[in-house]
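First up is the structure itself, then whatever we jot down about it.
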Amino acid sequence: MASPITNKQRRIKLSKFLALLLRHQPERFALELDEAGWASLSRVLEILNDLSNFRWADRSDVMHVAQEGTGDGKKRFEVNAGRIRALYGHSLERRVEYKPVRPPTRLYHGTSPEALGAIRRAGLQPMGRQYVHLSPDRETALRVGSRHTPHPVLIIVRAAKAHEAGIAFYHPEEGVYLAEPIPPAYLHKNA
(Lines give C-alpha, C1' and ligand atoms only; values in the text may rest on other atoms or scores of the structure.)
Protein backbone atom coordinates (compact mmCIF):
# COMPACT_ATOMS: atom_id res chain seq x y z
CA MET A 1 0.00 0.00 0.00
CA ALA A 2 1.34 3.44 -0.91
CA SER A 3 2.04 5.99 1.77
CA PRO A 4 -0.62 8.64 2.45
CA ILE A 5 -0.57 11.64 0.20
CA THR A 6 1.72 14.36 1.40
CA ASN A 7 1.18 16.91 -1.32
CA LYS A 8 -1.27 19.48 0.07
CA GLN A 9 -2.70 20.32 -3.36
CA ARG A 10 -3.52 16.67 -3.95
CA ARG A 11 -5.17 16.40 -0.50
CA ILE A 12 -7.31 19.44 -1.24
CA LYS A 13 -8.21 18.14 -4.71
CA LEU A 14 -9.22 14.75 -3.28
CA SER A 15 -11.20 16.36 -0.44
CA LYS A 16 -13.11 18.57 -2.89
CA PHE A 17 -13.92 15.60 -5.09
CA LEU A 18 -15.09 13.54 -2.11
CA ALA A 19 -17.32 16.48 -1.12
CA LEU A 20 -18.83 16.55 -4.61
CA LEU A 21 -19.30 12.79 -4.53
CA LEU A 22 -20.65 12.41 -0.98
CA ARG A 23 -22.40 15.76 -0.39
CA HIS A 24 -23.74 17.00 -3.68
CA GLN A 25 -23.79 14.69 -6.73
CA PRO A 26 -23.53 10.98 -5.89
CA GLU A 27 -26.00 10.14 -8.68
CA ARG A 28 -23.63 11.65 -11.26
CA PHE A 29 -21.22 8.81 -10.44
CA ALA A 30 -23.84 6.09 -9.80
CA LEU A 31 -23.00 6.10 -6.09
CA GLU A 32 -25.72 5.07 -3.67
CA LEU A 33 -25.95 6.69 -0.25
CA ASP A 34 -28.05 5.22 2.53
CA GLU A 35 -30.44 7.29 4.68
CA ALA A 36 -27.56 8.47 6.91
CA GLY A 37 -25.36 9.45 3.95
CA TRP A 38 -23.06 6.40 4.04
CA ALA A 39 -21.57 4.94 0.85
CA SER A 40 -19.45 1.88 0.21
CA LEU A 41 -15.76 2.80 0.54
CA SER A 42 -14.84 0.18 -2.08
CA ARG A 43 -17.32 1.77 -4.53
CA VAL A 44 -15.79 5.22 -3.88
CA LEU A 45 -12.34 3.76 -4.61
CA GLU A 46 -13.66 2.23 -7.85
CA ILE A 47 -14.98 5.63 -8.91
CA LEU A 48 -11.61 7.24 -8.16
CA ASN A 49 -9.77 4.56 -10.16
CA ASP A 50 -12.08 5.13 -13.13
CA LEU A 51 -11.18 8.84 -13.28
CA SER A 52 -7.84 9.62 -14.92
CA ASN A 53 -7.11 12.60 -12.67
CA PHE A 54 -7.62 10.48 -9.49
CA ARG A 55 -5.98 7.19 -10.43
CA TRP A 56 -3.16 8.09 -8.03
CA ALA A 57 -5.57 8.04 -5.05
CA ASP A 58 -5.76 4.78 -3.11
CA ARG A 59 -7.40 3.66 0.13
CA SER A 60 -4.65 5.17 2.29
CA ASP A 61 -5.09 8.55 0.57
CA VAL A 62 -8.85 8.54 1.19
CA MET A 63 -8.28 7.47 4.81
CA HIS A 64 -5.71 10.24 5.25
CA VAL A 65 -8.13 12.90 3.98
CA ALA A 66 -10.94 11.44 6.13
CA GLN A 67 -8.82 11.32 9.30
CA GLU A 68 -6.54 14.33 8.86
CA GLY A 69 -8.50 16.63 6.57
CA THR A 70 -6.64 19.11 4.39
CA GLY A 71 -4.70 20.83 7.16
CA ASP A 72 -7.34 23.41 8.10
CA GLY A 73 -8.40 21.61 11.29
CA LYS A 74 -11.81 20.53 9.94
CA LYS A 75 -12.84 16.92 9.65
CA ARG A 76 -15.24 16.59 6.73
CA PHE A 77 -15.60 12.81 6.34
CA GLU A 78 -15.78 9.71 8.44
CA VAL A 79 -15.02 6.08 7.65
CA ASN A 80 -16.49 3.15 9.55
CA ALA A 81 -16.90 -0.55 8.76
CA GLY A 82 -16.02 -0.21 5.08
CA ARG A 83 -18.26 2.80 4.57
CA ILE A 84 -17.58 6.53 4.14
CA ARG A 85 -19.76 9.62 4.47
CA ALA A 86 -19.53 13.38 4.54
CA LEU A 87 -20.18 14.70 8.03
CA TYR A 88 -22.04 17.85 6.94
CA GLY A 89 -22.62 20.25 4.06
CA HIS A 90 -25.03 18.14 2.04
CA SER A 91 -27.16 19.66 -0.71
CA LEU A 92 -28.86 16.38 -1.60
CA GLU A 93 -32.64 16.21 -1.94
CA ARG A 94 -32.85 13.35 0.56
CA ARG A 95 -32.08 14.74 3.99
CA VAL A 96 -29.16 13.28 5.95
CA GLU A 97 -30.26 12.67 9.53
CA TYR A 98 -28.26 13.26 12.72
CA LYS A 99 -28.98 12.71 16.38
CA PRO A 100 -30.25 15.96 17.98
CA VAL A 101 -28.10 17.50 20.73
CA ARG A 102 -28.43 20.23 23.33
CA PRO A 103 -26.29 23.10 22.03
CA PRO A 104 -24.11 25.41 24.11
CA THR A 105 -25.56 28.73 25.23
CA ARG A 106 -24.13 30.54 22.22
CA LEU A 107 -22.99 29.56 18.74
CA TYR A 108 -21.62 31.77 15.98
CA HIS A 109 -22.07 32.35 12.27
CA GLY A 110 -19.78 34.36 10.01
CA THR A 111 -21.37 36.02 7.01
CA SER A 112 -20.91 38.86 4.55
CA PRO A 113 -22.14 42.40 5.30
CA GLU A 114 -24.35 42.11 2.19
CA ALA A 115 -26.26 39.15 3.69
CA LEU A 116 -26.96 40.90 6.99
CA GLY A 117 -30.25 42.54 5.86
CA ALA A 118 -31.75 39.25 4.69
CA ILE A 119 -30.62 37.53 7.91
CA ARG A 120 -32.25 40.25 10.02
CA ARG A 121 -35.52 39.75 8.11
CA ALA A 122 -35.64 35.96 7.69
CA GLY A 123 -33.09 34.61 10.15
CA LEU A 124 -30.39 32.08 9.29
CA GLN A 125 -31.43 29.77 6.45
CA PRO A 126 -29.63 26.72 5.02
CA MET A 127 -29.12 28.48 1.66
CA GLY A 128 -28.98 25.44 -0.61
CA ARG A 129 -27.74 23.07 2.06
CA GLN A 130 -29.77 20.88 4.39
CA TYR A 131 -28.90 22.71 7.62
CA VAL A 132 -27.63 26.04 8.89
CA HIS A 133 -23.91 25.74 9.68
CA LEU A 134 -22.69 27.21 12.97
CA SER A 135 -19.35 27.43 14.74
CA PRO A 136 -18.61 26.88 18.44
CA ASP A 137 -16.34 29.94 18.68
CA ARG A 138 -15.96 33.41 17.19
CA GLU A 139 -12.62 32.74 15.50
CA THR A 140 -13.89 29.76 13.54
CA ALA A 141 -17.05 31.62 12.47
CA LEU A 142 -15.01 34.57 11.22
CA ARG A 143 -12.62 32.25 9.37
CA VAL A 144 -15.58 30.52 7.68
CA GLY A 145 -17.14 33.89 6.85
CA SER A 146 -13.88 35.14 5.35
CA ARG A 147 -14.21 32.54 2.58
CA HIS A 148 -17.00 34.73 1.17
CA THR A 149 -15.87 38.24 2.04
CA PRO A 150 -12.71 39.97 3.24
CA HIS A 151 -14.61 41.58 6.15
CA PRO A 152 -17.06 39.05 7.62
CA VAL A 153 -19.77 39.98 10.09
CA LEU A 154 -20.18 37.87 13.20
CA ILE A 155 -23.70 36.73 14.12
CA ILE A 156 -24.19 35.46 17.67
CA VAL A 157 -26.84 32.75 17.95
CA ARG A 158 -28.63 32.34 21.26
CA ALA A 159 -28.59 28.61 20.71
CA ALA A 160 -29.83 27.44 24.12
CA LYS A 161 -32.88 29.73 23.87
CA ALA A 162 -33.57 28.60 20.30
CA HIS A 163 -33.28 24.97 21.40
CA GLU A 164 -35.74 25.59 24.26
CA ALA A 165 -38.15 27.00 21.66
CA GLY A 166 -37.97 23.74 19.67
CA ILE A 167 -35.26 24.39 17.09
CA ALA A 168 -33.21 21.24 16.53
CA PHE A 169 -29.39 21.31 16.70
CA TYR A 170 -26.89 18.66 15.66
CA HIS A 171 -23.16 18.20 16.29
CA PRO A 172 -21.70 15.89 13.60
CA GLU A 173 -18.08 17.02 14.11
CA GLU A 174 -16.06 18.79 16.78
CA GLY A 175 -15.88 22.21 15.12
CA VAL A 176 -19.34 22.28 13.50
CA TYR A 177 -22.91 22.54 14.71
CA LEU A 178 -25.87 22.22 12.37
CA ALA A 179 -29.36 23.55 12.97
CA GLU A 180 -32.77 23.95 11.47
CA PRO A 181 -33.51 27.52 10.27
CA ILE A 182 -33.04 30.02 13.10
CA PRO A 183 -35.46 32.97 13.35
CA PRO A 184 -34.11 36.52 13.82
CA ALA A 185 -35.32 36.61 17.45
CA TYR A 186 -32.40 34.32 18.41
CA LEU A 187 -29.71 36.28 16.55
CA HIS A 188 -27.72 39.40 17.13
CA LYS A 189 -24.81 41.02 15.35
CA ASN A 190 -21.58 41.30 17.30
CA ALA A 191 -20.94 44.97 18.01
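Filter the range 149-167 down to residues that are in contact with a Phe, Trp or Tyr (Cβ under 9 Å, 6 or more places away or on another chain) and of a type in the set (Gly, Ala, Ser) and give me whichever is surrounded by the fewest Cβ atoms within 10 Å (Cβ to Cβ). Give the derivation first.
First pass over the range 149-167, keeping only residues in contact with a Phe, Trp or Tyr (Cβ under 9 Å, 6 or more places away or on another chain): 154-159, 161-163, 165, 167.
Those left that are additionally of a type in the set (Gly, Ala, Ser): 159, 162, 165.
Numbers: ALA159: 23, ALA162: 23, ALA165: 12.
Result: ALA165.
Those residues that are outside any loop (DSSP other than H, G, I, E, B) and under 22 Å from VAL96 (Cβ atoms), I need them from the range 36-47; list them, please.
The answer is ALA39, SER40, LEU41, SER42, ARG43, VAL44, LEU45, ILE47.
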Kindly indicate whether any position in the range 147-156 is within 17 Å of the chain's Cα centre (by Cα) and closer than 19 Å to ALA122 by Cβ. yes
Any residue at all in the range 157-178 that is outside the structural domain of PHE77 (by TED's automatic domain parsing), at pLDDT below 90, assigned to a helix (DSSP H, G or I) and touching a strand residue (DSSP E or B) at 6+ places or on another chain (Cβ under 8 Å)? no
How do the pairs read when you match residues in the range 144-165 that are over 14 Å from LEU187 (Cβ atoms) with residues anywhere that are modelled with pLDDT under 90 and assigned to a helix (DSSP H, G or I), using Cβ under 7 Å and keeping only pairs 6 or more apart or on different chains? PRO152/GLY145
Tell me, yes or no, whether the range 121-131 has at least one residue that is modelled with pLDDT of 85 or more and in contact with a helix residue (DSSP H, G or I) (Cβ under 6 Å, 6 or more places away or on another chain). yes
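The values are calculated or read from the model by the stated rules, or taken from the named source; none is laboratory data. This is a predicted model, so every value here is computed, not measured. Cβ atoms come from the backbone with ideal geometry, glycine included; neighbour counts cover every protein chain shown.
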